[in-house]
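S.K.: Take this structure, written in structure tokens, and hold onto it; I'll ask about it next.
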Amino acid sequence: MSDYETFLLDGRPVRFERGQTILEAALAAGHYIPNLCHHPEFKPHGSCKLCTIKVNGRYGSACTVKAMPGQEVSSDTPELNGNRRVLLQMLFVEGSHFCPGCEKSGNCALQALAYDLEMLTPHYAHFYPSRPLDASHPDVLIDFNRCIMCELCVRASREVDGKNVFALAGRGVASHVVVNSPSGKLADTDFALTDKAAHICPVGAILPKRVGFAVPIGSRTYDVDAISTLAERRATEEA
Amino acid sequence: MFHVAPTTRKRKVRIATTSLSGCFGCHMSLLDIDERLLALAELVEFDRSPITDIKHCGPCDIAIVEGGVCNAENVHVLRELRANAKVLVALGACAVNGGLPAQRNHLDVGECLTRVYTHRSEGMKGSVPSDPELPLLLDKVHPINEVVRVDYFVPGCPPSGDAIWKYLTDLIDGRIPRLEHPMLRFD
């Protein structure tokens, strides 16, 4: 008997430590599973469903299902990637994701996943939301129209910054991120540019001011490397 | 220098192109294939297009549509292309998802026009243009797949000359066209 445990990911054995989720184990082993609301420093959220895999024939979120010996996991299949593409399309039409006019373009995880999964059209009818910008803070701008409700800012502000600046409000299709201040404005909180929450947004919703095009379009993170290539390389470097 | 399909082709592929609610940036990007234009000219001939200045489209193999649908004329042009083309390609961000013109979609079009044409500084007072020659604006800017069936989507603002060349030559040579990183871009 071997001294480590493995599960099968798309037919390849992946080693894991007890307590790791399938996503953590796969990423550490250099096997990319698409994910959006996941962040290695925070507890799993399991809301975006991009990391949906099949474990022993049943659907599960790779970020929440614990790795167990002998599991048969499929991830990179036409069926699952097709579902992921549909999830991305729905995220794109729910917000205002005009990439050519967004300063996050090229550093945006939503866009990078759409590249990686070859999403060529948003397909569905757009919502064209009309949520007011919050430019009240001297150092940070919020465009709520681009929010995908991954709750990373909520988690970062609560768990790392200890400030609880953000929260999710509303239910179902009316869910949205709000700012915890009497006026609802970011300027009336103790939010600071040095906060973790100021730099964690995977899309262009929370943007530090005055750095927009310091790195030109075309030279940005995901312009140079695909998001999957980057994740796999990171695993190799850490190993 | 460039790969060109064998010359056993019976006839040239007929292509129509148009810019609806776009900025002609995608057409400029088509010209960015540079000297490959000569290779393209061996393979295709153009029907209605800003390149030929033909006003109405006849039967053709491929229609390439830049820009979204923002007014009544766009609808007529798009439907004419769809009726005449075997394959219709949405080229660029505006055709694919409305693009930057669609940023007016959460606003009332009447208010937009009033603000643009009448709220001006002193001495510049104007009125909303109402010449019957002008095409009627739609209340929303639509991606073209909301008006006609679209066969292929090429995102990008604009798609690079290389991406357009790859896509066109795939189509013309009968391969399933495909764009991958780094040619697949939304900006």
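The values are calculated or read from the model by the stated rules, or taken from the named source; none is laboratory data. As the structure is a computational prediction, the values presented were derived from the model and not from experiment. As a convention, Cβ positions derive from the backbone with ideal geometry for all residues, glycine included, and neighbour counts pool all protein chains shown.
S.K.: Output the number of the condition that residue A:38 fails; it satisfies all remaining conditions of (1) crowded, with 23+ Cβ neighbours inside 10 Å; (2) within 14 Å of another protein chain (Cβ to nearest Cβ).
M.R.: Of everything listed in (1) crowded, with 23+ Cβ neighbours inside 10 Å; (2) within 14 Å of another protein chain (Cβ to nearest Cβ), residue A:38 misses just condition (2).
S.K.: Further question on the same structure: For residue B:113, indicate whether it is touching a residue at least 40 places away in the same chain (Cβ under 8 Å), more than 30 Å from residue A:218 (Cα to Cα) and either more than 14 Å from chain A (Cβ to nearest Cβ) or exposed (fewer than 14 other Cβ atoms within 10 Å of the Cβ) (or both).
M.R.: Here the answer is no, as residue B:113 does not meet what is asked.
S.K.: Next question. Inside the stretch A:93-192, counting only strands (runs of 3 or more DSSP E) that do not spill past its ends, which hold 1 or more residues that are at pLDDT 95 or above, among the β-branched types (Val, Ile, Thr) and surrounded by 15 or more Cβ atoms within 10 Å (Cβ to Cβ)?
M.R.: Ranges flagged: A:140-142, A:176-179.
S.K.: Determine the pairs where a residue that is more than 10 Å from chain A (Cβ to nearest Cβ) and on the phi < 0 side of the Ramachandran plot, located within the stretch B:78-101, has a partner that is surrounded by fewer than 24 Cβ atoms within 10 Å (Cβ to Cβ) and among the basic types (Lys, Arg) with Cβ atoms under 7 Å apart, the partner being 6 or more residues away or on another chain.
M.R.: Within 7 Å, the pairs are B:82/B:149; B:88/B:82.
S.K.: When you look at residue A:61, is it among the hydroxyl-bearing types (Ser, Thr, Tyr) and under 30 Å from residue B:158 (Cα atoms), yes or no?
M.R.: no
S.K.: With respect to residue A:204, is the statement that it is within 18 Å of residue A:36 (Cβ to Cβ), part of a loop (DSSP other than H, G, I, E, B) and not β-branched (Val, Ile, Thr) true?
M.R.: Yes: the conditions hold for residue A:204.
S.K.: So, one more: Mind checking which strands (runs of 3 or more DSSP E) fall wholly inside the stretch A:1-88 and carry at least 2 residues that are out of contact with any His (no Cβ under 8 Å at 6 or more places or on another chain) and over 17 Å from residue A:232 (Cβ atoms)?
M.R.: Result: A:5-9, A:52-55, A:58-61, A:72-74.
S.K.: Does residue B:137 satisfy being touching a residue at least 24 places away in the same chain (Cβ under 8 Å), surrounded by 23 or more Cβ atoms within 10 Å (Cβ to Cβ) and within 30 Å of residue A:129 (Cα to Cα)?
M.R.: Against the criterion (touching a residue at least 24 places away in the same chain (Cβ under 8 Å), surrounded by 23 or more Cβ atoms within 10 Å (Cβ to Cβ) and within 30 Å of residue A:129 (Cα to Cα)), residue B:137 does not qualify.
S.K.: Can you tell me which of (1) touching a residue at least 24 places away in the same chain (Cβ under 8 Å); (2) farther than 21 Å from residue B:174 by Cα; (3) within 14 Å of chain A (Cβ to nearest Cβ) is the one residue B:51 doesn't meet?
M.R.: Every condition holds for residue B:51 apart from (3).
S.K.: Take the residues in the stretch B:161-179 that are part of a loop (DSSP other than H, G, I, E, B) and surrounded by fewer than 17 Cβ atoms within 10 Å (Cβ to Cβ); name whichever of them is nearest to the other protein chains (Cβ to nearest Cβ).
M.R.: Per the criteria, the residue is B:178.
S.K.: Follow-up. So is residue B:137 touching a strand residue (DSSP E or B) at 6+ places or on another chain (Cβ under 7 Å) and over 21 Å from residue B:86 (Cβ atoms) or not?
M.R.: Spelling it out, residue B:137 is indeed touching a strand residue (DSSP E or B) at 6+ places or on another chain (Cβ under 7 Å) and over 21 Å from residue B:86 (Cβ atoms).
S.K.: If the requirement is being within 12 Å of another protein chain (Cβ to nearest Cβ) and not basic (Lys, Arg), which of these qualifies: B:135, B:155, B:129?
M.R.: Result of the check over B:135, B:155, B:129: B:155.
S.K.: Follow-up. Kindly indicate whether any position in the stretch A:194-217 is more than 19 Å from the chain's Cα centre (by Cα), outside the structural domain of residue A:28 (by TED's automatic domain parsing) and of a type in the set (Asp, Glu).
M.R.: no
S.K.: May I pose another question? Exactly one condition in (1) of a type outside the set (Lys, Arg); (2) within 14 Å of residue A:123 (Cβ to Cβ); (3) more than 10 Å from chain A (Cβ to nearest Cβ); (4) crowded, with 21+ Cβ neighbours inside 10 Å is not met by residue B:143; state its number.
M.R.: It fails just one condition, (3).
S.K.: Given the structure, is residue A:60 surrounded by fewer than 15 Cβ atoms within 10 Å (Cβ to Cβ) and of a type outside the set (D, E, K, R)?
M.R.: For residue A:60, the condition - surrounded by fewer than 15 Cβ atoms within 10 Å (Cβ to Cβ) and of a type outside the set (D, E, K, R) - is not met.
S.K.: May I pose another question? Consider residue B:75 against the criteria (1) under 25 Å from residue B:179 (Cβ atoms); (2) under 13 Å from the mean Cα position of the chain (by Cα): it satisfies all of them except one. Which criterion is unmet?
M.R.: All conditions are met except number (1).
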